[in-house]
Each structure stands twice: as C-alpha cells, then as structure tokens.
Amino acid sequence: YANADTIRRVIANETMNSTDPVAILVGEDRYVDAGGAIDRDLFSDSGDKWVNPEIVQRLAADIMEAEAKRVGEELGLAWIRPIASNYTHSDAAGLYRVILPQPELTDAQIARLDAIAERQNVITEEMADDSLDEDGRKILDQEYDALENEVRTIRNAAPVLPDELRSHVGAFLKLTPKGEMVLDPEYYSEEPIPVGGTGDDQGDEEADGVDRNRAGGSGRASTPPAAPPEAVAPGGKPLSARLYDELAMQRRDILAAAMLSHPALALDYALFVMIDDRTSSFSAYGSTIRAHSPQDPAGGEQPATRARSYLAEAHDGLDASWLEHKSEVDRFEAFRAL
C-alpha cells in the first residue's frame, strides 16, 4: 500500500534503501554529514529509507573513483573503471578481453600435490577400517575435503599479467552486494593489442585484444598458439568478450536441452559424475551432483552380513578399466561403453 506521502516522495525524488550496496559503501554517518535525510522505520533496523539518493550516489562515486585511482597506480594498469554493480557484462561491451594462460605449477606445488594425493590414499584406507568410530571417520572426512579444496586452490591459481601489458590494459572495480569494493579479475583493453609483431594482418587477427591463449611477449617475432575454435568467428577473427560469453551460455542451454531429449545419456552422465568424483580430485564436471561416502550412524566394527558380503563381491566384480583414462571425456566414453 502506498499512501499520499510515499507517492509524493517517489515523484519528487526516489529514495534508497539503507541496505543498498551503495548505501552500505557510503555509510550512514557520511551520508548524514553531507546533508542527507533518512526516513526511519520504527519497526525494522533494515527498513530505513534514504531520501536523498543523489547525495549517496555522489559520495559513492567519489569513494570508488579514489579507490580506482589508488589501485590503478599501485598495479600500473592503464585504467580502472569503477561500477556500482557486481556484474561487468554491459560495461565490458565493446572492449577486448585479455585471456591469460594458467601459470605453470612450481616444483613446490607439484610436490605438494603429490603429498596430498598420498595423504588422501592413506585417508581412504583408514576410512575403510570397520573399527574406526564415528568421530574418527568424521575427522578424516573433513581432512579429505580440506585437502581437495587445497588442490583446487593450487590448480586454479590466478593468471599473472605480464609487466609489458600493464600499461595497455585495465580492469573494473566492482561493488558487491555487501557494499565492498572488489577488483574484477578479468583484464580488458580499449584497442586491439598485437602479440608477437606489429603487422596490420596480425592486428586484425587478434581484434579481441590479446590472443585468447597467450598474453604478452618480448616484442620478438613468434607464432602464438591458435585460439580455441569456440573463441574464433568464421574468417579467423576472435570474438568480442560479450559475444564470447553469450555464445558460451547458448552452448550450455543447447546441451541442457539435448540432455532432456536423451534421458539415457543424462542418467549415464549423472552416474559417471558421482563415481568419477570419488576417484579424481582434479576434474570439473559442470554439475553439483556428488555421492559422498555414507555417514553410518553406528561406528566401529560391524558384524558381517550377507548384504555386506554381496556388496563387496559386486564391487570387486566391477569393470574399472575406464578409470585408467586421463581425461574426463575419455573416461566418460569408456564408462558408457561398459
């Protein structure tokens, strides 16, 4: 219900909720000191209305512009654009996205991954012990999950921007729903950046900014690796950042629609994800389906039963040859061929 006073205020000047990210960023004290008025909600701590949104927006712009200038100078980037949103799609339209390759694993990281794999194997063997009580099983399960998270963190390390590109690219300073300023991890350029040469033909071929698989270079002549097929339009010209994202979403929706008309394929994939996830820690399936080990209510050693013996025999009789393949695609195809 909107009374006459509410309608008058909306017509005269829109209000802003005190829980709006922009309002959280500015803060009530700063807003009031700048002459802003507040329509208090006597029945809720989060229902206050800030009557002068133009003041909030001006203060927020000053805060974000100052932070953008500081970050830009600190990182040595060509520009930092502050946006009062957590999404950059519309603001990135017309820019050239810089896709950086994943950094190579260091010797220390490789050694750590090997140590994690060994420890996970030990945990798996310990959890198979029927004499393990419920508390011990829970502790091991938590340790296993923590190790998996560490593996993902190591393998998903953020790419490093080469120093020679810093003066040619920029990024967006976003505002999260919690009112926090966060630098977007993606880099963009306003003009195409040739890689490995200065020829006009090469600049046309790399019109999406930096080559999608290679960023930077020493200026010496080199042949950059070809971009993936999904990132190149007919004729060899790379796609823009926005079109690349839109096509990725369309491919996802097409795949989901195809799965609807092939229930057998969908069921096979669901089973594959649940099984393969328990044997591989480095795979990304694009699905949240998981099948964790059961949390038995009774811990310790349990008496042998016909059902347990039957399940053990069935497990030992399974054909696990498909697990020998390295890639998820090869394992899935081998799994379906069983």
Counted residues, the stretch 47-74 - those being in a helix (DSSP H, G or I) and touching a Phe, Trp or Tyr at 6+ places or on another chain (Cβ under 7 Å): 4
Some residue of the stretch 150-157 being modelled with pLDDT of 90 or more, of a type outside the set (V, I, T) and out of contact with any Phe, Trp or Tyr (no Cβ under 9 Å at 6 or more places or on another chain): yes
Checking T88 against (1) surrounded by fewer than 13 Cβ atoms within 10 Å (Cβ to Cβ); (2) part of a loop (DSSP other than H, G, I, E, B), the condition it does not meet: (1)
Number of the condition not met by T124 [criteria: (1) part of a loop (DSSP other than H, G, I, E, B); (2) surrounded by 12 or more Cβ atoms within 10 Å (Cβ to Cβ); (3) among the hydroxyl-bearing types (S, T, Y)]: (1)
Of residues in the stretch 309-338 being under 32 Å from the mean Cα position of the chain (by Cα) and exposed (fewer than 11 other Cβ atoms within 10 Å of the Cβ), the one nearest to P263 (Cα to Cα): V329
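Looking at the stretch 1-44 only, could you name the residues that are part of a loop (DSSP other than H, G, I, E, B) and modelled with pLDDT of 90 or more? Even if it seems obvious, please write down each step before you answer.
Step one: of the stretch 1-44, the residues part of a loop (DSSP other than H, G, I, E, B) are 1-3, 13-15, 18-20, 27, 34-37, 40-44.
G27, A34, G35, listed by residue number.
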Residue match in the stretch 37-51 (condition: over 21 Å from T19 (Cβ atoms) and of a type outside the set (S, T, Y)): no
Selected residue (criterion: nearest to K174 (Cα to Cα)) from residues of the stretch 54-112 that are out of contact with any Asp or Glu (no Cβ under 6 Å at 6 or more places or on another chain) and of a type in the set (F, W, Y): Y87
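Of the residues I99, I24, I110, which single one is more than 30 Å from E190 (Cα to Cα), buried (at least 16 other Cβ atoms within 10 Å of the Cβ) and within 26 Å of the chain's Cα centre (by Cα)? Before the answer, list the steps.
Numbers: I99 fails: more than 30 Å from E190 (Cα to Cα); I110 fails: buried (at least 16 other Cβ atoms within 10 Å of the Cβ).
So the residue among I99, I24, I110 that is more than 30 Å from E190 (Cα to Cα), buried (at least 16 other Cβ atoms within 10 Å of the Cβ) and within 26 Å of the chain's Cα centre (by Cα) is I24.
The values are calculated or read from the model by the stated rules, or taken from the named source; none is laboratory data. Just so we're clear, the structure is a prediction, and the values are computed from it rather than from any experiment. In this analysis, Cβ positions are derived from the backbone assuming ideal geometry, glycine residues included, and neighbour counts consider all displayed protein chains.
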